[in-house]
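The values are calculated or read from the model by the stated rules, or taken from the named source; none is laboratory data. As the structure is a prediction and not an experimental result, all values here were calculated from the model. All Cβ positions, even for glycine, are placed from backbone atoms using ideal geometry, and neighbour counts span all protein chains on display. To get the accessible areas, we keep the full protein, side chains included, count just its heavy atoms, and leave off ligands, DNA and RNA. Shrake-Rupley method; radii C 1.70, N 1.55, O 1.52, S 1.80 Å.
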Amino acid sequence: MRSGPSFSSQVMERACIAPVRVIHFYKYVVILIIYCETSQRSKEVLWSLNFCRLNHTGMALTIQLTAPNGLKISLPTGLFINNKFVSGSGKPIASINPSNRQVICAVQSASVEDIDHAVEVARHAFYDSSWRCLSSSDRGALLFKLADLINEEKVSLATLEAWNNGKPYTSALEEDLSEVIATIRYYAGWADKFQGQTMTGLGDGLKFAYTLREPVGVCGQIIPWNYPLCKCFCVQVFT
Amino acid sequence: MAAWKLGPALATGNTVILKPAEQTPLSILYLATLIHKAGFPPGVVNIVNGWGAVAGRAIAEHLDIDKIAFTGSTATAKHIMKAASANLKNITLETGGKSPLLVFEDADLEQAARWAHIGIMCNQGQICTATSRILVQKSIYEAFLDRFRQITVETSIVGDPFNEETFQGPQVSEAQFDRVLDYINIGKTEGARVVTGGGQHEDLTQGYFIKPTIFADVKQDMRIYQEEIFGPVAAVVPFKTEQEALQMANNSIYGLASAVFTQSIERAHRVAAGIQSGMVWINSSQDASIHMPFGGIKQSGIGRELGEAGLDAYLQTKSVHVNLGMKI
């Protein structure tokens, strides 16, 4: 059972009441108790039912959003490491809607220690047989599957892109997301089609050589805010 | 850019730690929910939001990361490159640009004006390859400016991103909004002519909305000619000859993209060969293809993304020599 000032301040901000004290029961909050202290002698108790998962800092790992176009989106806020969403120990990031300067929500951020953990996980995964020994065609199949899932979820992805970045929703859906899917499928196709070279007839016939094309290893990728998911080629805009 | 980076990295068998920009953390979080569903083994794809100065730096400096791929400003890329030197990381960078678009007198003027509009006004002008310097041959200069202005006024409807009529939404953040407005003021102070736009959108003050702006009579030594603005702001300049146009186009620290408008096949290919740029569009702008290498030279980056060339960024070559009987 913990109380967290950071969560309190977020509840305070979102609920526009002050001051509050929040008591958590277990990891999953079944009942959120908020009581306002209007004076030293009186208290008001408000009961609210709120099902959400909280991490040790009190920040929700999943939040429910309603976008400007009415779409309801359940969004994780944590760090995606080792196929799980976990809490980050960096300073949270407030995501702003540039159309009206309002905060959409806060997301968790990685500290140096979190990056160390992610690297450790990625290094282990690089050598693990589940990835290392996967056939190149099966690697491609995973990318094709990812592209199909992106296609199924493109409305939610485009909505978040437009809401957070400010680009027109129509462009995000019809251009950016189309390019995301096309790009993933394009590289899915390449997975089993690159290879090295062989050289024969070297050293009076006593030498044979070949090249292997190997993955570099653990890759850090830092992406920009102008095209978070994918750069689109703006031609479709012009009709 | 997540797709441009994840695609080749995963196709070639790497594992990744991807950090979105702190201004736009949301869509990538949703994408992350699909990674496990797709069946990728744990740890192959890791997506971590973070502040650039903390998480970005930690990634660039990390001694157990083998490669860094960065898309962003040239200024930040220089820091990344320095930090990456700690363990001689493999590095690819896709950075800034101030790409020239050349309109010769034999061009289809209507098409040149339309593509020039797309080239700078798409995505709120926030495009690395934006053809933001428009060089127009003197004989068609005013006619081009007039048509470019008309197309901009008619097409660049500024408004709510969720309104279907909107062509241009807000700039992404307060910092970018202030930056673009600063450059608009610099352009006015430097003496460029405002053909349209010229500041904040008066009717949309609730957000970071800027009027699409065209500056004419820009000089090569002006800051709005040399520096990347990253907003819906075009700098239009006249030229006399092909030689002068090439000299003006190459007068830049950047070399990301470029565009040439002419109906002469000889001139098109000749100019394409003479421009210092990683990419050239002949009679278009911004219509690249995922099948072709994408990237710049000079201070616009190192390496290429997309196409087969994009695989090279994530592969290393090992030479294996087999002795078939040589004894010593």
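Details
- Cβ-based net charge around B:K82, under 15 Å, with every Lys or Arg adding one and every Asp or Glu removing one: +2
- Net charge over other residues, Cβ less than 14 angstrom from the Cβ of B:D108 (K, R count +1; D, E count -1): 0
- Qualifying GluC sites (Glu not before Pro) in region B:79-153, DSSP loop, other Cβ atoms within 10 Å at most 10: none
- Binning all Cα-Cα separations of chain B at 20 Å, short to long from zero, yields these whole-percent fractions: 29, 53, 16, 2, 0.
- Considering only B:L88, B:A69, B:L101, the residue lying farthest towards the positive end of the dipole of region B:66-114 is B:L88, judged by Cα position with unit charges set on Cβ.
- Amide H to amide H distances under 5 Å link B:G301 with B:T95, where only residues 5 or more positions off or on other chains count and H is placed in the peptide plane.
- Oblate is the label for region B:121-175, because the ratio a/c of its alpha-carbon gyration tensor axes (a ≥ b ≥ c) is 1.5 or higher and a/b is not greater than b/c.
- Gyration tensor (alpha-carbon) shape descriptor, the protein assembly as shown, a/c threshold 1.5: oblate
- Positive-end extreme of charge dipole, the protein assembly as shown - chosen from B:L324, B:M279, B:I127 (charges on Cβ): B:L324
- Net charge over other residues, Cβ less than 15 angstrom from the Cβ of B:E61 (K, R count +1; D, E count -1): +1
- The dipole here belongs to region B:151-266: it is taken about the Cα centre, uses +1 on the Cβ of Lys and Arg and -1 on the Cβ of Asp and Glu, and is about 340 debye.
- The separation of region A:147-205 from region B:207-232, counted between C-alpha centres, amounts to 32 Å.
- Under 5 Å, built H, 5+ apart or other chain: amide partners of A:T62: A:R53, A:T77
- Within the full protein context, the accessible area of A:H117 is estimated at about 90 Å² for a probe radius of 1.4 Å.
- Between A:E152 and B:E110, the modelled labels are 4.6 nm apart [label points 7 Å from Cα along Cα→Cβ].
- q = 0.13, 0.17, 0.24 Å⁻¹, region A:141-239: log10 I(q)/I(0) [Debye, one scatterer per Cα]: -0.61, -0.86, -1.24
- Amide H contacts of A:L229 (H built 1.01 Å from N, under 5 Å, at least 5 apart or other chain): B:A2
- Charge dipole (debye, nearest 20) of region B:2-108; +1 at Cβ of Lys and Arg, -1 at Cβ of Asp and Glu: 480
- Acute angle (nearest 10 degrees) that the helix B:2-11 long axis makes with the longest principal axis of chain B, alpha-carbon atoms: 30
- Dividing the convex hull volume of the alpha carbon atoms of region B:158-199 by its residue count gives 63 Å³ per residue.
- Efficiency of FRET between B:M81 and A:E120 - r from beta-carbon atoms, R0 25 angstrom, step 0.05: 0.50
- The mean sequence distance of close C-alpha pairs (under 8 Å, at least 6 residues apart), as a share of the length of chain B, puts its relative contact order at 19 percent.
- For region B:175-255, radius of gyration divided by Kirkwood radius, i.e. Rg to Rh on alpha-carbons: 1.02
- Among the protein heavy atoms, those of B:E22 account for about 50 Å² of accessible surface (1.4 Å probe, every chain in place).
- Distance between modelled label sites at B:A273 and A:Q195, nm, 7 Å Cα→Cβ extension: 3.6
- Largest accessible area first, the residues A:C133, B:C122 order themselves as A:C133, B:C122 under a 1.4 Å probe with ligands, DNA and RNA left out.
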